[in-house]
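The values are calculated or read from the model by the stated rules, or taken from the named source; none is laboratory data. Predicted, not measured: the structure shown is a model, and the values here were computed from it. We place every Cβ from the backbone using ideal geometry, glycine too, and count neighbours over all the protein chains shown.
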Amino acid sequence: MSWLRTFWASTVGKKTVMAVTGIMLVGFVVAHMLGNLQMFIGAEAMNKYAALLKSTGELLWVARAGLLVAAALHITAAYQLTMINRAARPEGYAKQEPQVSTLASRTMRLGGVILAAFIIFHLGHFTTGTFHPAFSETGVYGNVILGLRSPLVAGFYVLAMAALGLHLFHGAWAGVRTLGLRKRSADPMYRRLSMGLAIVVWAGFTAIPVAVLLGILN
Amino acid sequence: MSATHATGKGMTLTLHVWRQAGPNAAGRIVDYPAPDISPDMSFLEMLDVVNERLIAKGEEPIAFDHDCREGICGSCGLMINGSAHGPMKLTTACQLHMRSFKDGDDIWIEPWRAKAFPVIKDLVVDRGAFDRIIQAGGYISAPTGTPQDANALPIPKADADLAMDNAACIGCGACVAACPNASASLFTAAKITHLGSLPQGQPERDRRALAMVAQMDEEGFGGCTLHGECQEACPKGISIDAIMQMNRDFVRASATAVQAKEWSGAA
């Protein structure tokens, strides 16, 4: 297994792991958003969908374990690369002007930390019910409505989804490029697909807490 | 004597320059007024004038690297107002002219900043790390006898162009300087893409990717997070597409090495 250790030790190896796990997580996030949008169809549809997911039994746990491993690898690699990158420039510039880096690319680490905190809260909120005022095992629709009525909680959801949108805008594009899956381009910084993905995911997720706060969903 | 041949168009600038007496000395930004600067001077000629005045006053001139002053050698490299090689795209510091600045401007001049590029003096850094990355695998092992006939080895135009675009790297280090992570990915990837695009580069392609990436990490450069700053700063316009090639070659070489059980790891 020494090849694995050498691969992981390299910055390119770690970035490859981040890209593969990141793309897995993007896939999950898109599916999760589509599932959530059933809130707008109605309580029955949403609760039926939730029951369907739960009925998959072991398969659900396989998916959860996969996501957990992906997230853990993604975060570990990100942390280690951050340390390597910081050490690579011990003395900074008195003046440095970013030319083409985006707000999204420069806030990947901060965004990642916000998302990690959000995921922990979110699991406690709607999966285990630990942070939920009136959690019901079967009434997912009601859980969401009650859980997001607090402007503070809904505000955190909205903030976290803005972080997710920015993270995707850079990450979805960068992940595919890290793996070298794109054709050569005259303008490699151009990223229409990841822009579209980021907007759709951000809007799809943000719609729910906003709709609950506005009383559109109740 | 500058006042005698002042054209009336001379600019008055204020320079904020990193001064550091030696590798282990503490450095600091020192301010220098720079009056009577012609807009037709190159940036390095402006520094020459400032240095002549410093020497005349008995002060230590500002040390900076330079050689060809034609934008092809890669010796010069200055962080000018927070931008590698200054504000002009596709231009080295020596080919930048003072007409890119305005009368009364403040100009910040700093050395490339990276752990792997230690400051030797003032604005001069040691870029030996780049040499060691090339030594690790940035070459082909070919007998160098009489050159073969030019058409003996047909190479598709697209491949030749790709190789040439990446061979344009002059090793100035602007990519490292501009990268928020002080990553040498663009430099390393340019050489991997240059040689990997040509038939002569194929026999050592896997070994080259593994060894050069390992040396790049060993030198203490950061990793790539695709900010794109390197591509923007590169005076030769090398594309971050090269980094895709490096990563692909590295991953493929890793997989091949596993199959062949001949992983040698760090070179």
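So that you can scan it fast, the table gives a plain yes or no per residue for (1) acidic (Asp, Glu); (2) within 15 Å of B:ASN181 (Cβ to Cβ); (3) at the interface with chain A (Cβ under 7 Å from one of its Cβ atoms); (4) not in a helix (DSSP H, G or I):
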site: B:ARG208; (1), (2), (3), (4): no, no, no, no
site: B:ALA214; (1), (2), (3), (4): no, no, yes, no
site: B:THR225; (1), (2), (3), (4): no, yes, yes, yes
site: B:LYS236; (1), (2), (3), (4): no, no, no, yes
site: B:SER239; (1), (2), (3), (4): no, no, yes, yes
site: B:VAL251; (1), (2), (3), (4): no, no, yes, no
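Yes or no, residue by residue, for (1) within 14 Å of chain B (Cβ to nearest Cβ); (2) among the small types (Gly, Ala, Ser):
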residue: A:TRP8; (1), (2): yes, no
residue: A:GLY35; (1), (2): no, yes
residue: A:MET39; (1), (2): no, no
residue: A:ALA45; (1), (2): no, yes
residue: A:ALA50; (1), (2): no, yes
residue: A:TRP61; (1), (2): no, no
residue: A:ALA72; (1), (2): no, yes
residue: A:ALA77; (1), (2): yes, yes
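Given the residues A:PRO133, A:PRO209, which is the only one that is at pLDDT below 95, farther than 17 Å from B:THR225 by Cα and away from chain B (no Cβ under 14 Å)?
Details: A:PRO209 fails: at pLDDT below 95.
Within the list A:PRO133, A:PRO209, the selection yields A:PRO133.
Here is a yes/no grid of residues against (1) farther than 30 Å from B:TRP112 by Cα; (2) charged (D, E, K, R); (3) touching a His at 6+ places or on another chain (Cβ under 8 Å):
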| residue | (1), (2), (3) |
| --- | --- |
| A:ILE114 | yes, no, no |
| A:LEU123 | yes, no, no |
| A:GLU137 | yes, yes, no |
| A:PHE156 | yes, no, no |
| A:THR178 | no, no, no |
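From the list A:GLY66, A:GLY92, A:GLY42, the one residue that fits, being at positive phi, surrounded by fewer than 15 Cβ atoms within 10 Å (Cβ to Cβ) and out of contact with any Pro (no Cβ under 9 Å at 6 or more places or on another chain), is A:GLY42.
Name the single residue, out of those in the range A:147-174 being within 9 Å of chain B (Cβ to nearest Cβ) and of a type outside the set (Phe, Trp, Tyr), that is farthest from the chain's Cα centre (by Cα). Per the stated criteria, the residue is A:ALA174.
For the range A:103-117, does any single residue satisfy the condition of being more than 12 Å from every other protein chain (Cβ to nearest Cβ), among the small types (Gly, Ala, Ser), surrounded by fewer than 17 Cβ atoms within 10 Å (Cβ to Cβ) and out of contact with any helix residue (DSSP H, G or I) (no Cβ under 6 Å at 6 or more places or on another chain)?
Step one: of the range A:103-117, the residues more than 12 Å from every other protein chain (Cβ to nearest Cβ) are A:110-111, A:113-117.
Next, only the ones that are among the small types (Gly, Ala, Ser) stay: A:111, A:116-117.
Checking which are surrounded by fewer than 17 Cβ atoms within 10 Å (Cβ to Cβ) leaves us with A:116-117.
Filter once more, keeping what is out of contact with any helix residue (DSSP H, G or I) (no Cβ under 6 Å at 6 or more places or on another chain): A:116-117.
Yes, because at least one residue in the range A:103-117 is more than 12 Å from every other protein chain (Cβ to nearest Cβ), among the small types (Gly, Ala, Ser), surrounded by fewer than 17 Cβ atoms within 10 Å (Cβ to Cβ) and out of contact with any helix residue (DSSP H, G or I) (no Cβ under 6 Å at 6 or more places or on another chain).
Restricting the first member to the range A:76-88 and to residues that are within 18 Å of B:ALA178 (Cβ to Cβ), and the second to residues that are among the hydroxyl-bearing types (Ser, Thr, Tyr) and not in a helix (DSSP H, G or I), the beta-carbon pairs closer than 8 Å and six or more apart or on different chains are A:ASN85/B:SER183; A:ASN85/B:THR225; A:ALA88/B:SER183.
Apart from one condition, B:GLN200 fits all of (1) in contact (Cβ under 8 Å) with a residue 60 or more places away in the chain; (2) within 12 Å of chain A (Cβ to nearest Cβ); (3) of a type in the set (S, T, N, Q); the exception is (2).
Going by the structure shown, is B:GLY104 of a type in the set (Gly, Ala, Ser) and either within 14 Å of chain A (Cβ to nearest Cβ) or within 17 Å of B:CYS179 (Cα to Cα) (or both)? So B:GLY104 fails the test.
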